[in-house]
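Report on one structure; see the data block that follows.
The values are calculated or read from the model by the stated rules, or taken from the named source; none is laboratory data. Nothing here was measured: the structure is a model prediction, and the numbers come from that model. Please note: Cβ atoms are built from the backbone with ideal geometry, for glycine as well, and neighbour counts cover all protein chains shown. Accessible surface areas use protein heavy atoms only, side chains included; no ligands, DNA or RNA. Shrake-Rupley method; radii C 1.70, N 1.55, O 1.52, S 1.80 Å.
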Amino acid sequence: MMNNANTISKQTKLFGFVGENAGVSRFSAVINKIFKANSDDAMMIPMNIREDDLYFTLSNMKKSEVNGAVISNEYVQEMVELLEDASSLVKKTGMCDIVFREGERLRGDIFSIRVLVEHLKDLRVSKIAMIGISPHAKAFSYLSCGFDMSYFDENLEGLMEFTKELEIKDADINRIASGMSLDLSSYDAVLDFSTFDSLGMIESLAKDSFDMKNTKEFSALKKRADELDASYTSYDDLVEKLASQVYRTIK
């Protein structure tokens, strides 16, 4: 049982939250509150790690007392090459946002996109416009059963290869590029998993918009949502649901 002083003993199960600005995220505080409410002798420690030090930190974790770590959004693609074992979803998509130490090996998986999928179901979202062909887009597509999806990207050839790789039949493929005029208000939600610096081509957004970026990352979608006075949800806005999912996973 965790004591009221939140001290760490030899029996305490330690987890990390790895990010460039992990210390300013609420993630560790939220999950530690869950640990305490359930009388678990466990703690998550925020770990501010620069990209240059990521490999060194995760390599050392294999021989540490840390049982695993949640990976902040900015590092999810870099994580894959540091793993010895990975779930099929990690292998298919090229992203990893949670790792578990098993002996001196790291096993990776994806949890945040699963949380997003369930959140959209809770909102009764049906029709989705997804922008981009990144690993996040792949992960969502693999988990998107039941949604009416439309796919958008600047590179139509790349988008066609994307839908072919994911074996999406009769995919609704659309081009989005600077200089265009695009109305996405007919969709229930917009997901931006692209690398666009600006989404100024979008004239109207859906009721809800998401990109799973934390508040320290630049978000072209947030900028456009602010300009259009539209709803926008970030990774940090979902932190309670994300922390709850991690808690269920590590238990």
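Numbers below:
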read-out: Residues of the range 226-240 satisfying the condition of being over 26 Å from residue 97 (Cα atoms) and among the small types (Gly, Ala, Ser); value: 230
read-out: Candidates 99, 80, 90, filtered to the one that is open to solvent by less than 20 Å² (accessible area, probe 1.4 Å), outside the structural domain of residue 178 (by the TED database) and in a helix (DSSP H, G or I); value: 90
read-out: Residue 140 being touching a residue at least 60 places away in the same chain (Cβ under 8 Å), surrounded by 14 or more Cβ atoms within 10 Å (Cβ to Cβ), assigned by the TED database to the domain that holds residue 120 and within 20 Å of residue 94 (Cα to Cα); value: no
read-out: Of residues in the range 46-56 being more than 19 Å from the chain's Cα centre (by Cα) and over 16 Å from residue 84 (Cβ atoms), the one surrounded by the fewest Cβ atoms within 10 Å (Cβ to Cβ); value: 52
read-out: Total residues in the range 21-42, condition open to solvent by 30 Å² or more (accessible area, probe 1.4 Å), closer than 14 Å to residue 250 by Cβ and more than 21 Å from the chain's Cα centre (by Cα); value: 2
read-out: Sole residue being aliphatic (A, V, I, L, M), touching a residue at least 40 places away in the same chain (Cβ under 8 Å) and touching a Leu at 6+ places or on another chain (Cβ under 6 Å), chosen from 106, 82, 89; value: 106
read-out: Restricting the range 148-191 to residues that are closer than 13 Å to residue 138 by Cβ and of a type in the set (Val, Ile, Thr), the residue that is modelled with the lowest pLDDT; value: 168
read-out: Some residue of the range 63-72 being among the charged types (D, E, K, R), open to solvent by less than 10 Å² (accessible area, probe 1.4 Å), at negative phi and not assigned by the TED database to the domain that holds residue 213; value: no
read-out: Qualifying residue in the range 220-229 (condition: free of Cβ contacts under 8 Å to residues at least 24 places away in the same chain, crowded, with 19+ Cβ neighbours inside 10 Å and in the same structural domain as residue 142 (by the TED database)); value: yes
read-out: Single residue of the range 197-219 satisfying the filter (of a type in the set (Asp, Glu) and surrounded by 19 or more Cβ atoms within 10 Å (Cβ to Cβ)) that is nearest to the chain's Cα centre (by Cα); value: 211
read-out: So residue 226, is it acidic (Asp, Glu) and touching a helix residue (DSSP H, G or I) at 6+ places or on another chain (Cβ under 7 Å); value: no
read-out: Qualifying residue in the range 160-177 (condition: touching a residue at least 24 places away in the same chain (Cβ under 8 Å), touching a Leu at 6+ places or on another chain (Cβ under 9 Å) and open to solvent by less than 20 Å² (accessible area, probe 1.4 Å)); value: yes
